[in-house]
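This report refers to the structure that appears directly beneath it.
The values are calculated or read from the model by the stated rules, or taken from the named source; none is laboratory data. All of these numbers come straight from a predicted model, not from anything done at the bench. FYI the Cβ positions are ideal-geometry reconstructions off the backbone, even for glycines, and counts take in every protein chain you see. Accessible surface is based on the protein model in full, side chains and every heavy atom, while ligands, DNA and RNA are left aside. Shrake-Rupley method; radii C 1.70, N 1.55, O 1.52, S 1.80 Å.
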Amino acid sequence: MAQFELVIRHGTVVTAADRTECDIGVRNGRIVALADHLGDAERIIDAGGKLVLPGGIDSHVHVDEPPFHGVASSGDFGTDTIAAACGGTTTIVPFVQQERGRSLRSSVREYHAKAEGRAVIDYAFHIILIDPNSRLLGQEVPALIEDGYTSYKVYMTYDGMALNDTEILSTLEAAKAHGAMVMIHAENDHCIHHLAARMEATGATSLENYPLMAPQAVEREATHRAITLGEIVGVPVLLVHVSAAQAMEQIRWAQERGLMVYGETCPQYLFLTGDHIARSGWEGAKYLCAPPPRDTENQKQLWRGIAGGVFQVLSSDHCSFKFEGTTGKKANGPTPHFRHVPPGVPGIEARLPLVFSEGVGKGRIDINTFVAITATNAARIYGLYPRKGTIAVGSDADITIWDPEKRVTISTDMLHENLDYTPYEGFEVEGWPVKVISRGEVIVDEGEVLAEHGRGGFLACDRPDLNPAVGNPS
């Protein structure tokens, strides 16, 4: 009998800390050996000339959520996890959204039902809080944390979802008491409404006005306020989908003072700009998201923030709204109105290749930083490490084999997201995951999907692991 079920040979194995030439031995879905040369296996993969990386973790994705702006997602846990896998991601962390008048536990059960039998990769859940009342924070949240739901998202904007400062403080206090992580969408809701009303009064409602409704100052102020609320309570906070260099500087300021403040950004802020939203007619809707993309100088600043350790996580913030039809971005009227188009862009499949190509390939970041921001740090912050996010003995055999020289032109037709557009249409990338392995099983091989629906499983999360490996820049 062979010693291993799978051996990956001759590859360059990369983690967030190291880069080495070695074989990987897998048994029962786990990595059991790393050595110069391993013996026989039931299956041997020759990774010569390739990079062998941990499977990506996309820790900010919206999958099969309730309609937003009256528009429902076109993807589900089947289509979206297949797309994730094809792009090199082997774990996702989508959101359970609280609904008023309903218990959190019942919402959690509903999302489990959506995922079971469909997901092809493993998944955990964050929980979105829109009504953090005393009963919920005192009873339901502590019980759910014990059951492995250890991260909670709050909004500072959006009608019906935005929390006031008192509600955020109460949420942070509950997180501190029970060991949870709070993620914050930081935009000043009052400013957004004020600016939007001014523009609507003058008839300036085309999509090019959308970024003017939420300029950098709106995000900068809310980011500083979120940091301050976390400081007052004495609890870590994570600022999600940071788009603005001014907001990034607030995070850096907090980190330099020794506060436990973490940052996340997304590909749309590294590759898109406000000029994309300003494209004529409906075309700009393909690029509309919140916060909005900024300009090319802002992109350069964000890349520097990634390289300098201000950002710990790079996620897709994937939203699967179609473009055409009565269920797409164009659903709410015959002409585009900057307040009626649902914000959000897809990107669960393109995330890793885009950042590998433009980050590692162009020398903006090194390969270890790429692994850290796309896998390892998310695993630590959200309580999945070391089971996920690294290549180590005892970890799940979630592994991607990359051809760093493979050139691909991204197009809607070649993606698997059940959508009629991608905001990255025509982007040329160099470097692509050619084999994707989840718990020792090859689930994507040279673009062919081999995984069966339902093989993905739920991951109960531990408390955050906020040791110095995820720490803030010195």
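What the table shows:
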| quantity | calculated |
| --- | --- |
| Most positive-pole-ward Cα, 385, 438, 458, against dipole of the stretch 358-474 from beta carbon charges | 385 |
| Ratio Rg/Rh [Cα only; Rh per Kirkwood] for the stretch 104-210 | 1.09 |
| Hz values of 3J(HN,Hα) by residue in the stretch 449-456 - Karplus curve (6.51, -1.76, 1.60), Gly and Pro given as x | 7, 9, 6, 9, 4, x, 6, x |
| Distance between the stretch 230-258 and the stretch 35-61 - C-alpha centres, whole angstrom | 35 |
| Peptides ranked, highest mean first, by Cβ atoms within 10 Å: ranges 210-216, 278-284 | 210-216, 278-284 |
| Positive-end residue of 301, 401, 370, charge dipole of the chain with Cβ unit charges | 301 |
| Cα shape, the stretch 250-352, gyration tensor, a/c 1.5 rule | prolate |
| Cα-Cα over 20 Å, subset of 300/388; 286/322; 153/330; 322/362; 114/330 | 300/388; 153/330; 322/362; 114/330 |
| Cβ-placed point charges (K, R +1; D, E -1), dipole of the stretch 72-118 about Cα centre in debye, nearest 20 | 220 |
| Rounded FRET efficiency, nearest 0.05, which uses the C-beta distance separating residue 105 from residue 176 and R0 of 35 Å | 0.95 |
| Evaluated at q = 0.16, 0.28, 0.29, 0.30 Å⁻¹: base-10 log I(q)/I(0), Debye formula over Cα of the stretch 1-58 | -0.46, -1.20, -1.25, -1.30 |
| Debye, to nearest 20: dipole size of the stretch 206-351, +1 on Lys, Arg Cβ, -1 on Asp, Glu Cβ | 160 |
| Rounded to 10°, Cα long-axis angle of helix 296-307 versus longest principal axis of the chain | 50 |
| Rounded D (µm²/s) - the stretch 303-451, Kirkwood Rh over Cα pairs, Stokes-Einstein at 37 °C, 0.692 mPa s | 191 |
| The stretch 278-319 shape via C-alpha gyration tensor axes, a/c threshold 1.5 | oblate |
| 0 to 90° range, to nearest 10: angle between helix 216-233 axis and the chain longest Cα axis | 70 |
| Angle in degrees between helix 245-256 and the longest Cα principal axis of the chain, rounded to the nearest 10 | 70 |
| Cα-centred dipole magnitude for the chain, charges only on beta-carbon of K, R (+1) and D, E (-1), debye, nearest 20 | 680 |
| Solvent-accessible area of residue 357 with every protein chain in place, 1.4 Å probe, in Å² to the nearest 10 | 10 |
| Farthest positive-ward along the chain dipole, Cα basis, beta-carbon charges - from 359, 337, 34 | 337 |
| Å³ per residue enclosed by the Cα convex hull of the stretch 32-107 | 165 |
| The stretch 392-454: C-alpha gyration tensor shape, a/c 1.5 cut-off, then a/b vs b/c | oblate |
| Those trypsin sites (Lys or Arg not before Pro) in the stretch 68-145 that DSSP places in a loop and that have at most 13 other beta carbons within 10 Å | 100, 102 |
| Residue-averaged 222 nm ellipticity for the chain, from DSSP H runs of 4+ at -39500 (n - 2.57), nearest 500 | -7500 deg cm²/dmol |
